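What follows is a short report on a single structure.
Readers should treat all values here as calculations from the given coordinates under stated rules, not as data from a laboratory. Everything numeric here is computed off the predicted structure, so don't read it as measured data. Glycine gets a Cβ as well: all are built from the backbone with ideal geometry, and neighbour counts include every protein chain shown.
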Amino acid sequence: MIGGLFIYNHKGEVLISRVYRDDIGRNAVDAFRVNVIHARQQVRSPVTNIARTSFFHVKRSNIWLAAVTKQNVNAAMVFEFLYKMCDVMAAYFGKISEENIKNNFVLIYELLDEILDFGYPQNSETGALKTFITQQGIKGQHQTKEEQSQITSQVTGQIGWRREGIKYRRNELFLDVLESVNLLMSPQGQVLSAHVSGRVVMKSYLSGMPECKFGMNDKIVIDKQGKGGTTDDPGKSGKQSIAIDDCTFHQCVRLSKFDSERSISFIPPDGEYELMRYRTTKDIILPFRVIPLVREVGRTKLEVKVVIKSNFKPSLLAQKIEVRIPTPLNTSGVQVICMKGKAKYKASENAIVWKIKRMAGMKESQISAEIELLPTNDKKKWARPPISMNFEVPFAPSGLKVRYLKVFESKLNYSDHDVIKWVRYIGRSGIYETRC
Amino acid sequence: MEWASQLCENRGLGSKMTDSKYFTTTKKGEIFELKAELNSDKKEKKKEAVKKVIASMTVGKDVSALFPDVVNCMQTDNLELKKLVYLYLMNYAKSQPDMAIMAVNTFVKDCEDPNPLIRALAVRTMGCIRVDKITEYLCEPLRKCLKDEDPYVRKTAAVCVAKLHDINAQLVEDQGFLDTLKDLISDSNPMVVANAVAALSEIAESHPNSNLLDLNPQTINKLLTALNECTEWGQIFILDCLANYMPRDDRESQSICERVTPRLSHANSAVVLSAVKVLMKFMEMLPKDLDYYGTLLKKLAPPLVTLLSAEPELQYVALRNINLIVQKRPEILKHEMKVFFVKYNDPIYVKLEKLDIMIRLASQANIAQVLAELKEYATEVDVDFVRKAVRAIGRCAIKVEQSAERCVSTLLDLIQTKVNYVVQEAIVVIKDIFRKYPNKYESVIATLCENLDSLDEPEARAAMIWIVGEYAERIDNADELLESFLEGFHDESTQVQLQLLTAIVKLFLKKPTETQELVQQVLSLATQDSDNPDLRDRGYIYWRLLSTDPVAAKEVVLAEKPLISEETDLIEPTLLEELICHIGTLASVYHKPPSAFVEGSRGVQHKKLTARAGSGESAESPDVGLSGPSEAPPAVIPSQGDLLGDLLNLDLAPPTATVPSVQPSMQMGAMDLLGGGLDSLMGDESDTLGGDIGGSPSMGGGLGVAPAAMPAALGGAPAVGGGLGDLFDLSGGVGMPTGSYVAPKTVWLPAMKAKGLEISGTFARRGGIIQMDLSLTNKAMSVMTDFAIQFNRNSFGLAPAGPLQVLTPLSPNQTIDVSLPLSTSGPVMKMEPLNNLQVAVKNNIDVFYFSCQYPISMIFVEDGKMERQVFLATWKDIPNDNEALFQIKDIHLNSDAASNKLQGSNIFTIAKRTVEGQDMLYLSVKLTNGIWVLAEMRIQTGNPNYTEMELSIKCRAPEVSPFVFQCYELVLKN
């Protein structure tokens, strides 16, 4: 199991050091600093073995978190734990920075004592932790017996992510379907790979212990219902359904029920959390198409022309569009002409950045640039990195639709109809690249 | 502390003073000031002071001097202060054990606190204080906490048992905590169950043979129920534990699989990977024609792909595991090639792993796409990545025959880029393509020759030279090309020198008239001017061959070579099976068994996949080679191993030397050896994992063995296995083991010292059980009864496995012989000397103490025969500092007899070679506590007057070596 956990600043100075196992000595702290943080070359692996001690590290801005062990630990668990640790810290004091860590070092030690026992991760849900570990010191001195046992039963309980007795005057929930669409396209316009990775993020402000059921246009569910004849228009819904390659759920979702019935039922945590993640690869709506044309004119000049085409309903507007056209390292000057938006050559980033604020569907725009090159005797050819794109569109490129989110709370007197529900779809570019 | 003060200056210190100020104290009289503050009456000031102490502790300052003052702050009702003091205690208690005892009272009191959070805090902290005196006091509170009404306390107490076991295993057993822990598996709270499972699994690991985690269908059912209800971490503990279970039949495997599959949709990647591990393992037991088997295979792919959208570090772990999974079951991901395409912004470690998997998944169906990608990668920036991409193109050519032509033309394109390292890498792989498809792509040779000057890496130079030599008849100026290399012969690396030698000999045999001078030049360079034994030996072979029988030389050197096969870097099947059982763990990331990087006894149990019992199906299934553990590993490169093996056996010394038992094959071996052996010896380097065949004579020299052969054996990694294996089979058949040596009894306890009781005895190992053979003689006047025996803690945990069986009273002058079986599960303490055993014997008169020493061969276990590959890897892995050299004189044994004798005492011969009139035996021994002791023994065979053996022993625990040597000596001399 995890033998110790260290947090360093960018210089390699220790901010937090907690040792859980006897086989980890103080010298481990230095070993990591010397061999990884101060190492000259780039990090070649997130797992490093130094003198039979294994170090797992992750970086958040310029802070290093390292878990160390001498045993054959579950490596995936260690990384998941480190990420979790970052989440917990962020939930307590915001950004993970040197200053915040120093300001909260007592709190961090307290958390580390609670969520890692002898190197075994324990309940690390911030909802539960915040009931008894706070930045103002520890509650609990003046708690009643009931409160205490409520805390312990929540920390160890089956529903560790939600406490009893939550009350809202207005029962409300927000669903955000956030998708990032990824594309790799060949210069000839052939899709090399494309997938959507999506997340359903829920903000729930619901009283009591509500039982929720979430439904979407999952092909498997729709087809099943279609066979049963329950839907009025099977043809229509069949067309609108989407094939989900795989999905994962927040721990509140009853996985065995999903496995057997493919229904998503759960008691949600209070506030904001990620209900599910999913991935689709079929029938993706690619919001933009990039058509590059690069011509080398002699050894000192490049001509680049890039056309972008928007491919969605004309009534919808895409925002924050940015096209990034890489330029060779020996670029000496660039002339750009674009029909829409603004384009600039950024020498420090070795790219031409073309920004368009808004663009409606089924439109087309173009940029052309002349790039002057310095003559070099470098034999190595320019690698021609792909042209990448950023954008935001108000629909889900996977085609996912929320069909319902039902809320049942039998003990309190509010019903599904009383809950105010909001649904929003946002599609963003993930890694959206076209080779040129 | 510099940063701290700087920080303070930079920050606006205006509105709010925060905790970071504690990091700023750097003054000299600091400790003194802190002391005063700690003893302050004001609570706030006290708390501030403790915070400062903790901050100093964090940055590595020694604040242990404040121990009494900090502990004084412990008795407080301020929980925050208490936690800080506890933190301090955990750090320093070990260095101040006497003062730590001051804290015990507070702990014991806190364990009774009405607040469950405080009870748990106390028991959790107490378990972290590794001071014997404190652990004694821990037992009672822990017992109560294990049965506490509050689940939070119980789950904390469960982990505490594991902590206590780590400090004092015997205490935990004596106090019966293990049984209480087992009971917690049936607890109503899922988190208690999960922690109990984690604790039990850890304890069970250090007792490999105990039946601690007695998994049966009932407990499994409980675990599966808890699995649905506990935290994500708890699910991981439970799944990892489930993976060790052995279902009784395929129906049970299926039902477990069915209940585990929902976990594949968990958001936590570790839960997913652990579930994959359970499924991969239990699938092995399902009949392949079952519908469910196919369903399960299909279910595995999507979650594995999803892992690739996790954060990069987790992607890396996932990819390392997927690499294993595609080797074991290629069918799972065969349609998922695209997801392994490299993204421009992937970290380099993710890129390299993806590339590896792409090659494994490459097939005729997707090769076009793969090649297009690889070509793209070859233009990237990172040199390692580009090289690997180029190499991958070559591997595709070898793997998918239909694509070979396209690959070659892609490689030629890349050579045109003139990027130095791309060109060199391309030439290395083109050489391999030639070896797979001879006489097919020679048209490209001209292009290759154009780049001769730009080659500055030995591997590329060697590859180019090989090509020139191999196709000398078609290259008009082959002699000029080779001659140009010859000029700087002595500055070349060994690899290039060897290759140049072979290539020129080939050239000579093809065009004898023009190149006589050249060949003489190279032969004299190799044999007379070089002090590299590899080179010299090879030179002499050629020379002798050419001078005695040129026709034979031609047959030998220019013989048709075996083709190389496609997969050259597959993990060896038994290792792969073991790694599959460790999916998700570090072992699967390192691709090494846990024993290779975990110290001590923990994790040295070798896990194995178990195929469906009693079915012949594994033989019919498509993945024959990989399924059953009993099947012979497929030869990775079918020919090379044998060739090397024979090479090692070839005796170059005068004819008086004998090569036992390999005579019939030797002739053949020699033929092959010169035809293909030496070429492939060079050429195969890129294919073997270990790299340097013959490339590092210094290593051989450093080990104190005949340098010519040793590096080959070590460097050849998986490929040489076949050859060594043959040798072993030969020597293994010579005779039956002679049984372990038992020393005669000696007097341990003279009658004078023990009121008339004389004890003499010896140790023996029979059928895997250590026995202490005792003779008890009554030299007193009265009858002795009520015998009992006890051992003190000792180095290897020897303990009586039963009572001392002296059933009848011992009359005066009577002697009775008893055999006391011993176990090795007793408490461990390092003794001086290591094999010392302190014994107490009691009878109706008194208790007597004596000590004796047992031959360490008693604790050599029967399964101490190491896998050959593991041996090679381990030998290399153990630092040379740990090597000990010994001599054994006056031994009149040949190597076979010695090997037999040793085997009787569980010292196993892994391989044998004969070099320059010496037999080299490679031996392994495994101790009961899992430590491996490797040895290399050199025996002079040629000369009967030489009766010396040299033994070099390598072990991770070097203090064992002298005792192991004693055993070798003892066994061989008797």
Using R₀ = 56 Å, calculate the FRET efficiency as 1/(1 + (r/R₀)^6) where r is the Cβ-Cβ separation of B:Lys61 and A:Arg299; round to 0.05. 0.35
Would you work out which of A:Leu329, A:Pro314, A:Val304 lies farthest towards the positive end of the dipole of the range A:288-393? Charges go on Cβ: Lys and Arg +1, Asp and Glu -1. A:Pro314
Can you give me the orientation-averaged projected area of the convex hull built on the Cα atoms of the range B:304-371, in nm²? 4.2
Förster radius 35 Å - calculated FRET efficiency between B:Asp179 and B:Asp77, Cβ distance, rounded to 0.05: 0.45
Using unit Cβ charges (K, R positive; D, E negative) and no other charged atoms, how large, in debye to the nearest 20, is the dipole of chain A about its Cα centre? 1640
Hand me the trypsin sites (Lys or Arg not before Pro) from the range B:425-463 located in a DSSP loop with no more than 13 other Cβ atoms within 10 Å, in residue order please. B:Lys440
Which lysines have a Cα less than 17 Å from the Cα of B:Lys889, not counting those fewer than 8 places away in the same chain? B:Lys901, B:Lys973
So which GluC sites (Glu not before Pro) in the range A:72-167 end up in coil per DSSP with only 16 or fewer other C-beta atoms within 10 Å? A:Glu164
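Cβ under 10 Å from B:Gly394's Cβ, B:Gly394 left aside: what net charge do those residues give with Lys, Arg +1 and Asp, Glu -1?
Working: positive: B:Arg391, B:Arg395, B:Lys399, B:Lys431, B:Lys436; negative: B:Glu425, B:Asp432.
Computed value for this residue: +3.
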Local charge sum around B:Ile878 (other residues, Cβ-Cβ under 13 Å, Lys/Arg +1, Asp/Glu -1)? -1
First select every other residue whose beta carbon is under 10 angstrom from the beta carbon of A:Arg277; then total the charges, Lys and Arg +1, Asp and Glu -1. 0
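I need the calculated FRET efficiency for the pair A:Lys167 and A:Arg403, taking r as the beta carbon distance and R₀ as 35 Å, to the nearest 0.05. Kindly include the intermediate steps, with their values, before the conclusion.
Details: r = 29 Å, r/R0 = 0.83.
Taking R0 as 35 Å, the efficiency between A:Lys167 and A:Arg403 is 0.75.
Using a 10 Å cut-off around each Cβ, can you sort B:Arg387, A:Arg40 from fewest to most neighbouring Cβ atoms? Walk me through the numbers before you get to the answer.
Details: B:Arg387 17, A:Arg40 4.
Fewest-to-most Cβ neighbours within 10 Å comes out as A:Arg40, B:Arg387.
Please compute the average number of Cβ atoms from other chains found within 10 Å of each residue's Cβ in peptide A:213-221.
Details: counts 0, 0, 0, 0, 0, 0, 0, 0, 0.
The mean count of partner-chain Cβ atoms within 10 Å per residue comes to 0.
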Averaged across orientations, what area in nm² does the convex hull of the alpha carbons in the range B:859-973 project? 6.5
Each residue of the range B:65-76 in order: what ³J(HN,Hα) in whole Hz does its phi give by Karplus 6.51 cos²θ - 1.76 cosθ + 1.60, θ = phi - 60°, with x for Gly and Pro? 4, 8, 3, x, 5, 5, 4, 4, 7, 5, 7, 9
Taking the Cα centre of the range B:457-548 as origin, sum charge times position over the Cβ atoms of Lys and Arg (+1) and Asp and Glu (-1), and report the length of that vector in debye to the nearest 20. 460
Could you tell me whether chain A comes out rounded, prolate or oblate from its Cα gyration tensor? Rule is a ≥ b ≥ c as square roots of the eigenvalues, rounded for a/c under 1.5, then prolate if a/b exceeds b/c, otherwise oblate. oblate
Contour excess over end-to-end distance, with Cα ends at B:Tyr540 and B:Ser819 and 0.36 nm allotted per residue: 94.4 nm
In the range B:746-854 the DSSP beta bridges are antiparallel at a rate, in percent to nearest 5, of 95
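Would you mind classifying the protein assembly as shown by shape? Square roots of the alpha carbon gyration tensor eigenvalues, ordered a ≥ b ≥ c; an a/c under 1.5 is rounded, otherwise it is prolate if a/b is larger than b/c and oblate if not. Walk me through the numbers before you get to the answer.
Working: a/c = 1.77, a/b = 1.03, b/c = 1.72.
Oblate.
Go through the range B:832-890 and name the GluC sites (Glu not before Pro) that are in a DSSP coil and have 16 or fewer other Cβ atoms within 10 Å of their Cβ. Provide the component values of the computation, followed by the final result.
Details: sites: B:Glu862, B:Glu867, B:Glu883; in loops: B:Glu862, B:Glu867.
In loop regions of the range B:832-890 (DSSP not H, G, I, E or B), the sparsely surrounded GluC sites (Glu not before Pro) are B:Glu862.
Neighbour counts of other C-beta atoms within 10 Å: give me B:Tyr542, B:Tyr471 arranged from fewest to most.
Working: B:Tyr542 26, B:Tyr471 17.
Exposure proxy ranking, most exposed first: B:Tyr471, B:Tyr542.
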Run the paramagnetic zone check for B:Ser188: 7 angstrom along Cα to Cβ, then residues of the range B:141-166 with backbone nitrogen under 14 Å. B:148-152
Per residue of the range B:491-497, in order, report the coupling 6.51 cos²θ - 1.76 cosθ + 1.60 (Karplus, θ = phi - 60°) as ³J(HN,Hα) in whole Hz, putting x for Gly and Pro. 8, 6, 6, 3, 3, 6, 4
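When the dipole is taken about the Cα centre of the range A:4-124, and only Lys, Arg (+1) and Asp, Glu (-1) are charged at their Cβ, what size is it in debye, to the nearest 20?
On the way: 14 positive and 12 negative charges, 117 e Å.
Value, rounded to 20: 560 debye.
Listed here are the pairs B:Lys222/B:Lys299; A:Lys401/B:Lys299; A:Lys95/A:Lys282; which of them are more than 27 Å apart at the Cα?
Values: B:Lys222/B:Lys299 25 Å; A:Lys401/B:Lys299 24 Å; A:Lys95/A:Lys282 37 Å.
Long pairs (Cα-Cα over 27 Å): A:Lys95/A:Lys282.
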Which of the listed residues, A:Ala351, A:Pro268, A:Ile108, is farthest toward the dipole's positive end in chain A, when Lys, Arg count +1 and Asp, Glu count -1 at the beta-carbon? A:Ala351
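Among B:Phe848, B:Phe282, A:Phe55, which comes first, second and so on when ranked by fewest other beta-carbon atoms within 10 Å? Walk me through the intermediate numbers first.
Working: B:Phe848 16, B:Phe282 25, A:Phe55 22.
Listing B:Phe848, B:Phe282, A:Phe55 from fewest to most nearby Cβ atoms yields B:Phe848, A:Phe55, B:Phe282.
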Spelling out what I want: for every residue of the range A:212-222, take phi, set θ = phi - 60°, compute 6.51 cos²θ - 1.76 cosθ + 1.60 (Karplus), and round to whole Hz; glycine and proline get x. 10, 9, 10, x, 9, 7, 6, 4, 4, 5, 4
Of the residues B:Gly761, B:Ile564, B:Ala552, the Cα lying farthest along the dipole of the protein assembly as shown towards its positive end, which is defined by charges on the beta carbon of Lys, Arg, Asp and Glu, belongs to B:Ile564
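Over the whole of A:192-202, what's the average partner chain Cβ count within 10 Å per residue? Rounded to a whole number, please.
On the way: counts 6, 8, 1, 5, 0, 3, 0, 0, 0, 0, 0.
Per-residue shielding by partner chains comes out at 2.
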With both partners inside the protein assembly as shown, how many of the DSSP beta bridges are antiparallel, as a percent to the nearest 5? 90
Here the whole-number average of other chain Cβ atoms within 10 Å per Cβ of A:95-107 is 5
